[in-house]
Amino acid sequence: MDLLAEYRRASMYFEAGDPGEAARLLEPIVAAEPDNSSVRQLLARAYFQSAQLGRAEEQLRALVDRDPSDHYAHHVLGRTLERVGRPAEALRHLRIAAAMRAEHEDYQAALRRVEARVHGPR
C-alpha cells in the first residue's frame, strides 16, 4: 500500500465532508506508522467529526501523551470530552490549550463555555 497516496486520499475525503471514509482510510496508516502524529491527528479529527468520540478520545490521548505541548490535541480532546458529557475532565485540557494559545478565540470560547457548565455563570 502506498501510505502517502492513501493519506492524501483520506485528506480529500475529510475535506470533502466525509470523515467516516477518511477514518476508514487512515486506520491502516496509523497501524503501519503509529508514531506519525500528523496521520494520528487527522484520524482523531475524522473520528470527532463523524461522532466516533470514544475512538477520537483514544487517538487524542495518544497524541497528548506523546507531546504534552500539543495545544491542538488538548483542545480537541477537551471538546471530545465535552461532547460525551464529561465537562470536568474537558476543562483541564481546554485550560491547557487556552493557556498555550491565549490569542486563539476558539480555544477561549470553548473554555468559557465549559467553565460556565462546570462552575455556573460568572
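Annotations
- Residues that are polar (S, T, N, Q) and in a helix (DSSP H, G or I) were ranked within the range 39-58; the one that is nearest to PRO19 (Cα to Cα) is GLN49.
- Qualifying residue in the range 3-18 (condition: closer than 30 Å to HIS119 by Cα and not in a helix (DSSP H, G or I)): no
- Matching residues, the range 62-111, being part of a loop (DSSP other than H, G, I, E, B) and either surrounded by 15 or more Cβ atoms within 10 Å (Cβ to Cβ) or modelled with pLDDT of 95 or more (or both): ASP67, PRO68, SER69, ASP70, VAL84, GLY85, ARG86, ARG101, HIS104
The values are calculated or read from the model by the stated rules, or taken from the named source; none is laboratory data. Only a predicted model underlies this, so the values are computations on that prediction, with no experimental measurement involved. Neighbour counts are summed over all protein chains in view; Cβ atoms, including those assigned to glycine, are modelled from backbone coordinates with ideal geometry.
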